[in-house]
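These notes concern the structure reproduced below.
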Amino acid sequence: MADRFQTPLFTSPVESADVIDLITHFLDIQLAPRTSVHGDLLDIFGLGVLLQGGSGVGKSECALDLVARGHRLVADDVVEIKLVENEVLLGSCPEEIRYLMELRGIGLIDVKELFGVGAVRESKKIELAIGLELWRDGEQYSRTGLERKHCSFFGIKIPYVIMPVAPGRNLSILVEVAARNQLLKLKGVDVAQRVTRRHSRRLKRSSEKKLLRTMIKDGAGLFE
């Protein structure tokens with residue numbers, strides 16, 4: 001009957017409900033809205049971190065150092081971003097350059113072949129973006145972390161950190177720290193806000209003590 005009506009026929013040993021779920025998930029990914037951005041995507045401590053920045057700022061070198069430190073590369077140079085289930089930004093690499101990395105002075109390398117299958121993965125949810133830019137004298141960079149920046153893809157906002165690049169700065173360690181800090185925030189631990197609240201309480205107590213001393217002094221004057 002399939003041949004007669006020229007209709008594809010698929011069979012599966014899996015239960016119908018499971019097949020429907022698998023096909024639905026497959027179509028959600030294949031038909032999802034997508035865009036491409038210039039950058040590197042890595043899995044750092046289980047967090048999907050997108051590195052962005054101008055050409056030659058050191059994204060690939062930083063990504064390679066992170067891979068050497070035990071983290072996993074998803075994409076180098078071109079990151080495909082898909083909007084899955086209307087809320088998840090899923091990053092991956094075009095198949096033609098998957099697991100490849102371009103290093104100035106060396107050329108193309110295959111990260112999977114050099115570091116093993118544990119050093120790469122095909123896709124990862126993007127949860128943090130870091131913008132690498134050359135250090136500019138006079139530029140005011142965040143020192144407390146209270147300033148909240150975001151970037152947006154398909155209307156979905158993700159935290160965005162601007163990280164200045166200068167000689168002597170170990171970018172891979174700084175990116176690791178940024179990832180760890182974001183993981184703490186996801187658990188409800190925000191160090192910058194905690195320090196701010198602590199400082200505010202101290203100022204309040206100091207003001208209250210000053211007011212109390214003034215009241216005692218004024219009260220003593222009433223009995224003179």
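Might you let me know whether the range 110-122 holds any residue that is among the charged types (D, E, K, R), closer than 20 Å to Phe45 by Cβ and open to solvent by less than 50 Å² (accessible area, probe 1.4 Å)?
no
Among the residues of the range 160-178, write down those that are closer than 16 Å to Glu61 by Cβ, touching a helix residue (DSSP H, G or I) at 6+ places or on another chain (Cβ under 8 Å) and either without any contact (Cβ under 8 Å) to a residue 60 or more places away in the chain or not in a strand (DSSP E or B) (or both).
Within the range 160-178, Met163, Leu171, Ser172, Val175, Glu176 meet the criteria.
Return a yes/no flag: does the range 39-50 have any residue that is assigned to a loop (DSSP other than H, G, I, E, B), touching a residue at least 24 places away in the same chain (Cβ under 8 Å) and in contact with an Asp or Glu (Cβ under 7 Å, 6 or more places away or on another chain).
no
Would you check if there is a residue in the range 209-221 being polar (S, T, N, Q), at pLDDT below 90 and either in contact with a strand residue (DSSP E or B) (Cβ under 6 Å, 6 or more places away or on another chain) or assigned to a helix (DSSP H, G or I) (or both)?
Yes, the range 209-221 has at least one match.
If I ask for residues that are open to solvent by 70 Å² or more (accessible area, probe 1.4 Å), part of a helix (DSSP H, G or I) and closer than 15 Å to Ser92 by Cβ, which ones from the range 26-35 would you list?
Phe26, Gln30
Taking Ala17 as the residue in question, decide whether it is in a helix (DSSP H, G or I), free of Cβ contacts under 8 Å to residues at least 40 places away in the same chain, within 20 Å of Leu174 (Cα to Cα) and out of contact with any Phe, Trp or Tyr (no Cβ under 6 Å at 6 or more places or on another chain).
no
To keep it simple, each residue is scored yes or no on (1) in contact with a Ser or Thr (Cβ under 7 Å, 6 or more places away or on another chain); (2) over 26 Å from Val165 (Cβ atoms).
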residue	(1), (2)
Leu9	no, yes
Leu31	no, yes
Ser36	no, no
Leu66	yes, no
Leu90	yes, yes
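The values are calculated or read from the model by the stated rules, or taken from the named source; none is laboratory data. Because the structure is predicted, anything quoted here is derived from the model rather than measured. Ideal geometry is used to build each Cβ from the backbone, glycine not excepted, and the neighbour counts take in all protein chains shown. When the accessible area is computed, the model is the full protein with side chains, heavy atoms only, and any ligands, DNA or RNA have been set aside. Shrake-Rupley method; radii C 1.70, N 1.55, O 1.52, S 1.80 Å.
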